[in-house]
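As structure tokens, the structure follows; a few thoughts come after it.
Every number here is computed from the coordinates shown, using simple stated rules; none is lab data. What you see is a predicted model, and the numbers here were worked out from it, not measured in a lab. FYI the Cβ positions are ideal-geometry reconstructions off the backbone, even for glycines, and counts take in every protein chain you see.
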Ligand SMILES: [Zn+2]
């Protein structure tokens, strides 16, 4: 046969787009249009109706509308002709959509007297009007003129803030008509799309592909292009045999689940996300009326909360559909949070607040974590998920890996402590599938576990900016139920999918195992971008710990304090969303985040002060919220009593050695110090450590005095480096492998001087001016401590540069220990394999450590996350300045402390100093009675860290203590409380009792396995 297949395929595609598609609406009349622009931020439907009545202006198709981030309310009216009434009547509205990218541009919400009906976007322009009667008809659309990121290009980042976006209209109303839909043509279009997509995806040698082309050709021969509607049924008959051919024996099974990934903020602010949810969820429930088999999964409890409080009719419809099983809440978290950056306790609270919400509103506890779009998955997650009630996990982000292909689609993921969760990466490699043949065939080919499993999951629906599934997607899914050449598609939930896989596993299938972190080989810049938001989060995490602890010490927590803590936690959890805290959003999002963190911190400081005032004496006191007893030199606002040395500092404060027990308070008393910092022109030294610097103030020597060992290699210098930082694809997201190598030392030294001269505190200050920025570095050594603190105050005004600090280290270690949530992981210090090489920038929380047996050097921090350990030392990324999507990213003032700690064997000293740096002793003078028995708690156990101390959520007054083993060892821990432990139980994260613990001598004694996380309930 002569091969004219390419020409025939072109014919089909052209006639489909230009002839068949327009025939879907054979009859239409224009609607009359009026418009009312909301003067400021969005208003309610009721307010808009008033605006439309009092101030609407006539509007016409072709007219421009919509300043950036504005809202225009359109009223569309028409007279329904008597012979048009019926199911096939639709209003068709095109707000001026870009051809695709639902959710990344203008969107509309259709309102009737009953509330929101559905959303409209470029792939959902029709509004079915089954209830329309002959005569006058009216439709109101709340149209949001959100800028069309990213289609406008990277130079339009200024549109990302109200203050710089301007007021030029962005859109042109393109269509507003009342139309009759030809159902036969609608279904013909779907038949063709399904078969054409399948044909395109199959290999050229596949018999089915060749046959499909000829069957489609025959169908197009049957269509009279002047009378498409009249010949559509005949064309469908031609295609019927092709659609009836059943899937091959042993075909793979795909569970297609409706979904709308809605980023809680990203290229839009949180306030717009609330409206995105209303549009998307209204559409999703509406489709459930039409398609009873259709299933929709939805994560992020906060989005339900927004509906409950701001769109109650939408919420009520969701509740009805959860009850029928068509709508499945998934994920069990408050938001789909980033997993690298939040603390372990924050991830715990994501689950606690998510699960409690779903349970209280729907009677549902999620069994799967759903975070398909998160930039890397730490090794501690499996045990957190399991303790939060989720032993199943869905993501797909590792399909974006640049270096290495992940070997499994379905596997058991084993975490740091040995916990396992059944994990699935949907092989369609997206959470925004559209159910076309190309995706389904790819999905089957890309599935890596055919050797033992017949099932995979396919989340479909417009996502990121919402929108969700369309009726076309659902219709296509129905056609793929049992179709030769494709996997068998069934619409179902994640439960349906995991139940199948678990059945396969129970029947003996060899489910593969991956042990350790799921490192994401992209988006490493998100460990550093928007540093103020990251620091604000860490500060709030610390203050939340302190507030819960000190109120627990008060005893009975007033209900208003409980409610306040609940609300403050939720504010912080929301800002941990996977495009907020990573730094990948527009300017507006960070204006919000920085304001929210500041407000939360202020409220928490007040709560902490209130609690401490009730439990501390009226004399000067230091409070220690940490796990370990502390004895250290601190800077105090008021001169302390006591016999020890007091050194007045240049800022007017007083340095003194003080001590305070863990979870307790002590009088602020200067203690005797058996050590002093000796200062010379170019060095500081105490009994533990000595540092030296050159004329420029650069540190050229660090000596561990007790080990008599130089930390820096010969000729090594602690160096601030500035490197051009221009990622290939994703500006705010990525740091490239070569970026640091392009760096050069930051010069511009203006002054070098010793500003504190001992005996308790010695500080070297170096001031620099470079580019448009200034930087003050203060390097401090204190009596009795081996820690060297380097504090940086930076006024940063560079663009597209990375500022980092490099400390060369003369330690032979093939791996670096990196602090993560509830433990640490080892990362390679070399690029031997492709998997090692990809880890050129890694996440760490409070420390990174390089150790030999018996000696090590740690770098600690109080607010940075991006590290390099493959260049003969440790680099920490301090600041970036991408231009997109936020063109002023990170400009302005920053403060951070990076510390160096030479130490002996193991990580014990590192944990101690990491806690001290991140949880400073709190000076207080406002006490009264001091009636509470303190310390509230003592926890004795090597390498055990306490993450939270609080009163139980159930109001019982029980003390809840969450702790973990942080060194990777088996250890015994003894827990005492000020009132004595009468009964102790192990709980899950939701504080539900799982097993009892022996108590003796009014203590709870338990053995922790390596990296084990335990939640205790004590009475
Ligand atoms: Zn996302």
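With 5 Å bins from zero, work out the P(r) of segment 738-889 over every alpha carbon pair and list the percent per bin.
Histogramming segment 738-889 at 5 Å steps yields 2, 8, 15, 18, 19, 16, 12, 7, 2, 0, 0 percent.
Which order do peptides 503-509, 479-485 fall in by mean Cβ count within 10 Å, highest first?
Details: 503-509: 12.3, 479-485: 20.3.
Taking the mean over residues of other Cβ atoms within 10 Å, the ranking is 479-485, 503-509.
In percent, how large is the relative contact order of segment 1-115, given Cα pairs closer than 8 Å and 6 or more residues apart?
24
What ranking of 261, 495 emerges when the number of other C-beta atoms within 10 Å of each C-beta is taken as an exposure proxy, fewest first? Write out the running numbers ahead of the final one.
On the way: 261 25, 495 19.
Result, fewest neighbours first: 495, 261.
How far, in degrees from 0 to 90, does helix 207-222 lean away from the longest principal axis of the Cα atoms of the chain, to the nearest 10?
The angle comes out at about 50 degrees.
Rounded, prolate or oblate for segment 1-127? Axes are the square roots of the Cα gyration tensor eigenvalues, ordered a ≥ b ≥ c, and the cut-off for rounded is a/c under 1.5.
Numbers: a/c = 2.82, a/b = 1.85, b/c = 1.52.
The shape class here is prolate.
Fully extended, how many nm does the chain gain between residue 174 and residue 365 (0.36 nm per residue separation, minus their Cα-Cα distance)?
Contour length minus Cα-Cα distance gives 64.2 nm.
Using mean Cβ contacts within 10 Å as the protection proxy, how do 801-808, 817-824 order, highest first?
So the peptides 801-808, 817-824, ranked by packing, come out 817-824, 801-808.
What do you get for the angle between helix 270-290 and the principal long axis of the chain? Use alpha-carbon atoms, 0 to 90 degrees, nearest ten.
40
Can you give the % of DSSP beta bridges in the chain that are antiparallel, to the nearest 5?
Around 85 percent of the beta bridges assigned by DSSP in the chain are antiparallel ones.
Cα convex hull of segment 547-684: how many Å³ per residue?
180
Along the Cα→Cβ direction, 7 angstrom out, place labels at residue 163 and residue 60. What is the inter-label distance in nm?
Those two pseudo-labels are separated by 4.1 nm.
Given the peptides 932-938, 725-731, 40-46, 460-466, arrange them by the average over their residues of other C-beta atoms within 10 Å, most packed first.
Ranked from most to least packed, the peptides come out as 460-466, 932-938, 725-731, 40-46.
How would segment 296-378 be classified by its alpha-carbon gyration tensor: rounded, prolate or oblate, with rounded meaning a/c under 1.5 and the a/b versus b/c comparison settling the rest?
Judged from the Cα gyration tensor, segment 296-378 comes out prolate (a/c at least 1.5, a/b above b/c).
Does segment 492-568 come out rounded, prolate or oblate by the C-alpha gyration tensor, with a ≥ b ≥ c the root eigenvalues, rounded set by a/c under 1.5 and, if not, prolate when a/b is larger than b/c and oblate if not?
Oblate.
Sort 534, 276, 397, 570 so that the residue with the fewest other Cβ atoms within 10 Å of its own Cβ comes first and the one with the most comes last. List each step's numbers first, then the result.
Numbers: 534 25, 276 28, 397 21, 570 17.
In increasing order of surrounding Cβ atoms, one gets 570, 397, 534, 276.
From Cα pairs below 8 angstrom and at least 6 apart in sequence, can you work out the relative contact order of the chain, rounded to a whole percent? List each step's numbers first, then the result.
Values: 2525 pairs, mean separation 100.3, N = 1019.
Averaging sequence separation for qualifying contacts and normalising by length gives 10 percent for the chain.
Plugging the Kirkwood radius over Cα pairs into Stokes-Einstein for segment 804-845, at a temperature of 4 °C and a viscosity of 1.567 mPa s, what D comes out in µm²/s?
For these conditions, the coefficient is 113 µm²/s.
Using only Cα atoms, tell me the angle between helix 45-55 and the longest principal axis of the chain; keep it within 0 to 90° and round to the nearest 10.
Roughly 60 degrees between the two axes.
Hey, for a label at residue 769 modelled as a point 7 Å past Cα toward Cβ, could you say which residues of segment 730-747 have their backbone N under 19 Å away?
Once the point is set 7 Å along Cα→Cβ of residue 769, 746-747 turn out to lie under 19 Å by backbone N, inside segment 730-747.
Bin width 10 Å, alpha-carbon pairs only: give the P(r) of segment 401-559 as whole percents, running from 0 to the bin holding the largest distance.
Per 10 Å bin, starting at 0, the Cα pair percentages come out as 9, 25, 27, 20, 14, 5, 1.
Separation of segment 353-426 and segment 553-609 by C-alpha centroid, Å?
Computed from Cα coordinates, the inter-centre distance equals 25 Å.
In whole Å, what three semi-axes, largest first, describe the equivalent ellipsoid of the chain built from its Cα gyration tensor (square root of 5 times each eigenvalue)?
Numbers: eigenvalues 629, 183, 173 Å².
Gyration-tensor ellipsoid for the chain: 56, 30, 29 Å.
Projected area of segment 859-906, taken from the Cα convex hull and averaged over every viewing direction, in nm²?
4.8
In nm, what is the difference between 0.36 nm times the number of residues separating residue 41 and residue 234 and their Cα-Cα distance?
This chain segment gains 64.2 nm when fully extended.
Pop a pseudo-label 7 angstrom from the Cα along the beta-carbon direction at both residue 559 and residue 1007 and give the gap in nm to one decimal.
If labels sit at residue 559 and residue 1007, their model points lie 4.5 nm apart.
How much mean residue ellipticity at 222 nm does the chain get from its helices, if each DSSP H run of length 4 or more adds -39500 (n - 2.57) and you divide by all residues, to the nearest 500 deg cm²/dmol?
Only helices count here, giving -8500 deg cm²/dmol.
Once the Cα gyration tensor of segment 332-384 is diagonalised, what are the square roots of 5 times its eigenvalues, in whole Å and ordered largest first, as equivalent ellipsoid semi-axes?
20, 11, 9
Can you tell me the length gained on complete extension of the stretch residue 309 to residue 8, counting 0.36 nm per residue apart and subtracting the Cα distance?
Full extension from residue 309 to residue 8 adds 102.9 nm.
Below 8 Å between Cα atoms, with a sequence gap of 6+, how large is the relative contact order for segment 758-862 in percent?
17
Quick one: 450, 424, 597, fewest Cβ neighbours within 10 Å first, how do they rank?
Ascending number of Cβ neighbours within 10 Å: 450, 597, 424.
Mind giving me the nanometre distance, one decimal, between the label points for residue 205 and residue 226, set 7 Å out from Cα along Cα→Cβ?
So the two model labels end up 4.6 nm from each other.
Quote the FRET efficiency, to the nearest 0.05, computed for residue 15 versus residue 151 with a Förster distance R0 of 35 Å and r equal to the Cβ-Cβ distance.
For R0 = 35 Å, the calculated efficiency reads 0.80.
Between residue 795 and residue 700, how high is the FRET efficiency from 1/(1 + (r/R0)^6) when r is the Cβ-Cβ distance and R₀ = 22 Å? Nearest 0.05.
Calculated transfer efficiency: 0.25.
Give the separation of the Cα centroids, segment 956-992 to segment 695-736, in Å.
40
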